[in-house]
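Peer 1: Supplied in structure tokens, the structure appears directly below.
Each reported figure results from applying straightforward, stated rules to the coordinates on display, with no laboratory input. Here the structure is a predicted model, which is why all the values come from computation and not from measurement. Cβ atoms come from the backbone with ideal geometry, glycine included; neighbour counts cover every protein chain shown.
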Amino acid sequence: MNAVLEANGLGKRYGRRWALSECTLAIPPGQVVGLVGPNGAGKSTLLQLAVGLLAPTAGTIRVLGDRPAASPEHLGRVGFVAQDTPVYESLSVADHLRVGAWLNPGWDRDLAQRRIDQLGLDPAQRAGKLSGGQRAQLALTLAIAKRPEFLILDEPVASLDPLARRQFLQGLMETVAEHGVSVVLSSHLVADIERVCDYLVVLVASRVQIAGPIDDLLASHFRLTGPRRDLNTLPASQEIIESSQTDRQSTLLVRTDGPIVDPAWTVEQLDLEDLVLAYMGRAAAGERARPRIVEVH
Amino acid sequence: MIRLTWLQFRVQALIAVVAMAITALVLAVTGARLAHLYSTSVATCTVQGDCDTATNAFRLHDQFLQNMLGPLLLVVPGLIGIFWGAPLIAREVQAGTFRLAWTQSVSRRRWLAVKLGSLGLASAIVAGLLSLIVTWWFSPLDRVNANRFSPGVFDERGIVIIGYAVFAFVLGVTAGVLLRRTLPAMAMSLALFVGVRLAVTYLIRPHLVSPAHTSVPVTSATGLGFGSSGSSGVVTFIAKTPRIPNAWVISSQIVEKSGHLASTAVLHQFLMTACPDIANQQAGANQGTFGACVAKVSANYHLVLAYQPANRYWTFQWYETAIFVFLAFALAGLCFWWVSNRLT
């Protein structure tokens, strides 16, 4: 597995506060990776480290096998849409496309023009007058039209209304389908991730709580409900992520690769939101289990 | 990168070009009139026999413009620092657009190099052209005033303006890089610019080249007299600093024939013996005794001047320009380091 993004003991400190510490993760290529976590988990810091806007205080990070922003050529291989999708307010949409062409040798003029046409953006319109959704689309166009191998999006839809959000993610999906780029998309909303991503990384307090293909994650996590029982009697292959016990009943959220054979349990599938919340809840409870990486099969 | 720089700079550039054009037009019309006036009045005054009246009348022409142009050249470098320098990077940081700019296929160093280089060059050109026009406009007046070393003349003509402008620009950029906000950066760069300009004018410029010395008769000073000077309270001989056209006279001291500095006590002693009426401040002193006493003083004492001769003017202009350009490069180095390693 040749990771597009590989972090090892990565940390970033502002003054005394660590925005990210001891973060270790690997993101496989050819995937649309959703990076979820509560606010302040270090998602944005991690992504800015990945594009070289920030320099690490500790540890290492490699993107496409090299230091982030190692060279202009390397910068050209990574596309980035920053949080709040900044654009130059005083420049027009057409100006932005021109700037993109000037600054990126691999610029795909047709692609950019086609996207602007599809979106119905007026090329003469100043970027400052665009709606939030249009601005995000313009920022995405700039990132896509440089034809990167790896696209990094930092909460691109956080401030958009549901319709604009849907359109943005749709545009992203089309690009992925057309050009097969690897994508990392951060969000604190699981619904967005579920819509577009096929790989999930849950980051809480700088730590990767779980990472893996979403299908595999869903296939290996179950909610078990049954008569109250001692949790130590569970098979070793079943890891408890979350448990709640009443006098008579146990409800468990377990991760297991094998089938659940115990007939005492009522077994339910989880949806992605339950799964993410369970891992976030576990991390919040201070149960710092070792990060678990599910291999891509 | 040049094209992006131009795209972002074009409005400011347009404002500068329009302002320069208006200034140049006004100065071309009035300056030609002034030059004509000079050649018809002052230049021919010896023929007409009354040079004082001609020069004094000439000095009063275009008073308004004279009063405006000096400050204009003081202010323009400051404005360049505030409106071109300070926002250059601070605005990108504030709006978050640096995240867009620095993730294109252009290294951060090159981005900064092109921006600093091209706008720094633009600052130099604007300042140079403006100084050229103003220096030309003032040239007849400067010929009459013969004071090109004075503060307010020296630093409002010639090539130093270019040094000031380039320095102010880079200072603004640096303030923006360090403070990350446009308005505080504007305020800080202006305050620092004024501070550095004052410091160079009054603390460094006098020491750039060690002064030349010359001795002149005490009577070459215009203000001569007798009176008590300093804390001693005794009567002594007083000679004001004489003027040398276009030179910068730094100090003037009364010296004995032997070459020793004449102290107040020595001078007083000399007056007590040479002209006791004056030394004792007696009422009998009149024009005759005054003239006789001055003659006695000038026979025994002379003035030694420490001064920068007029022909060192361009040496000083180059030195001062070099100081500011050097400071600008040092700050640019700081900008590069900060943008590469510390910003964000």
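Peer 1: To make sure I understand, if each residue's beta carbon is the centre and we count other beta carbons within 10 Å, what order do B:HIS302, B:HIS36 fall in, fewest to most?
Peer 2: By the 10 Å Cβ count, ascending: B:HIS36, B:HIS302.
Peer 1: Turning to a different aspect of this structure: So for the stretch A:5-205, what percent of the C-alpha to C-alpha distances run longer than 31 Å?
Peer 2: 15 percent
Peer 1: Let me ask something additional. Where in the stretch B:284-344 are there trypsin sites (Lys or Arg not before Pro) that are in a DSSP coil and have at most 11 other Cβ atoms within 10 angstrom of their Cβ?
Peer 2: The qualifying sites are B:ARG342.
Peer 1: Measure nothing but the geometry: give the 0 to 90° angle between the long axis through the Cα atoms of B:287-300 and the longest principal axis through the Cα atoms of chain B, rounded to 10°.
Peer 2: For helix B:287-300, the angle is close to 70 degrees.
Peer 1: For chain A, what's the relative contact order in percent, using C-alpha pairs closer than 8 Å and at least 6 residues apart? Working shown, then result.
Peer 2: Values: 581 pairs, mean separation 58.2, N = 297.
Normalised by residue count, the contact order of chain A is 20 percent.
Peer 1: Summing Lys, Arg as +1 and Asp, Glu as -1, what charge do residues with Cβ under 13 Å from the Cβ of B:TRP314 carry, B:TRP314 excluded?
Peer 2: Spelling it out: positives minus negatives among the neighbours equals +2.
Peer 1: Over all residues in A:99-106, what is the mean tally of Cβ atoms on other chains that come within 10 Å of each residue's Cβ?
Peer 2: Mean partner-chain Cβ count within 10 Å for A:99-106: 5.
Peer 1: Which value in Å is the Kirkwood Rh of the stretch B:130-281 over different Cα pairs?
Peer 2: 19.7 Å
Peer 1: Hey, what's the per residue convex hull volume over the C-alpha atoms of the protein assembly as shown, in cubic angstrom?
Peer 2: Convex hull of Cα atoms, per residue: 231 Å³.
Peer 1: Please list, short to long, the whole-number percent of alpha-carbon pairs of the stretch A:215-293 in consecutive 5 angstrom bins beginning at zero.
Peer 2: 3, 14, 28, 27, 20, 8, 1
Peer 1: Within 10 Å of each Cβ in B:93-101, how many Cβ atoms from other chains are there, averaged over the peptide? Write out the running numbers ahead of the final one.
Peer 2: Values: counts 0, 0, 7, 6, 7, 3, 12, 14, 4.
Whole-number average of other-chain Cβ neighbours for B:93-101 is 6.
Peer 1: Among B:CYS45, B:CYS335, which comes first, then next, by fewest other beta-carbon atoms within 10 Å? Mind dumping the intermediate values first?
Peer 2: Details: B:CYS45 17, B:CYS335 23.
By the 10 Å Cβ count, ascending: B:CYS45, B:CYS335.
Peer 1: While we're looking at this one, here's another question. With a cap of 10 neighbouring Cβ atoms within 10 Å, and only residues DSSP puts in a loop, list the trypsin sites (Lys or Arg not before Pro) found in the stretch B:153-260.
Peer 2: Passing both the DSSP loop test and the Cβ count: B:LYS257.
Peer 1: From the C-alpha coordinates alone, can you work out the Kirkwood hydrodynamic radius of chain B, in Å?
Peer 2: Computed over chain B, the radius equals 23.9 Å.
Peer 1: Something else: Counting DSSP beta bridges with both partners in the protein assembly as shown, what percentage is antiparallel, nearest 5?
Peer 2: The antiparallel fraction comes to roughly 75 percent.
Peer 1: Would you mind checking the tilt of helix B:63-80 against the longest principal axis of the Cα atoms of chain B, expressed as 0 to 90 degrees and rounded to 10?
Peer 2: Approximately 40 degrees, to the nearest 10.
Peer 1: Here's something else I'd like to know. In peptide A:76-84, how many Cβ atoms from other protein chains are near each Cβ within 10 Å, on average? Please report the intermediate quantities before stating the final value.
Peer 2: On the way: counts 4, 1, 2, 2, 5, 3, 7, 2, 3.
The shielding value for this peptide is 3.
Peer 1: Could you state, as a whole-number percent, how many of the C-alpha pairs of the stretch A:1-44 are farther apart than 17 Å?
Peer 2: That fraction is 41 percent.
Peer 1: Using θ = phi - 60° and the Karplus curve 6.51 cos²θ - 1.76 cosθ + 1.60, what whole-Hz ³J(HN,Hα) does each residue of the stretch A:116-126 get, with Gly and Pro shown as x?
Peer 2: So the Karplus estimates, Gly and Pro as x, are 4, 4, 4, 6, x, 7, 7, x, 7, 5, 6 Hz.
Peer 1: Please give the calculated 222 nm ellipticity per residue for the protein assembly as shown, where each DSSP H segment of at least 4 residues contributes -39500 (n - 2.57) and the sum is spread over every residue; nearest 500 deg cm²/dmol?
Peer 2: -16000 deg cm²/dmol
Peer 1: Continuing with this model, one more query. Please give every one of the lysines within straight-line cross-link reach of B:LYS257, meaning a C-alpha to C-alpha distance under 24 Å, and leave out same-chain neighbours fewer than 8 residues apart.
Peer 2: Correct list for B:LYS257: B:LYS240, B:LYS296.
Peer 1: Starting from the 7 Å offset along Cα-to-Cβ, what nm value, one decimal, do you get for the label separation of A:LEU119 and B:GLN63?
Peer 2: Taking the simple label geometry, A:LEU119 and B:GLN63 are separated by 6.2 nm.
Peer 1: Suppose a student asked you for the relative contact order of chain B, using Cα pairs under 8 Å spaced at least 6 residues apart; what percent would you report? Mind dumping the intermediate values first?
Peer 2: Working: 426 pairs, mean separation 71.7, N = 344.
Computed value for chain B: 21 percent relative contact order.
Peer 1: Can you sort A:ASP95, B:ASP52, A:ASP122 by how many other beta carbons sit within 10 Å, fewest first?
Peer 2: So the ranking, lowest neighbour count to highest, is B:ASP52, A:ASP122, A:ASP95.
Peer 1: Could you grab the Rg to Rh ratio for the stretch B:212-308? Cα atoms only, Kirkwood for Rh.
Peer 2: On the way: Rg = 13.4 Å, Rh = 13.8 Å.
On the Cα set of the stretch B:212-308, Rg over Rh gives 0.98.
Peer 1: Moving on to the next point. Using a 10 angstrom Cβ neighbour count of at most 12 plus a DSSP loop assignment to flag exposed trypsin sites (Lys or Arg not before Pro), which longest range of chain A is free of such sites?
Peer 2: In short, A:17-227.
Peer 1: Under 4.7 Å Cβ to Cβ, no partner at all: give me those cysteines from the protein assembly as shown, in residue order.
Peer 2: Isolated Cys, the protein assembly as shown: A:CYS23, A:CYS197, B:CYS335.
Peer 1: What relative contact order, as a whole-number percentage, does the stretch B:212-308 give when Cα pairs under 8 Å and 6 or more residues apart are counted?
Peer 2: This gives 41 percent for the stretch B:212-308.
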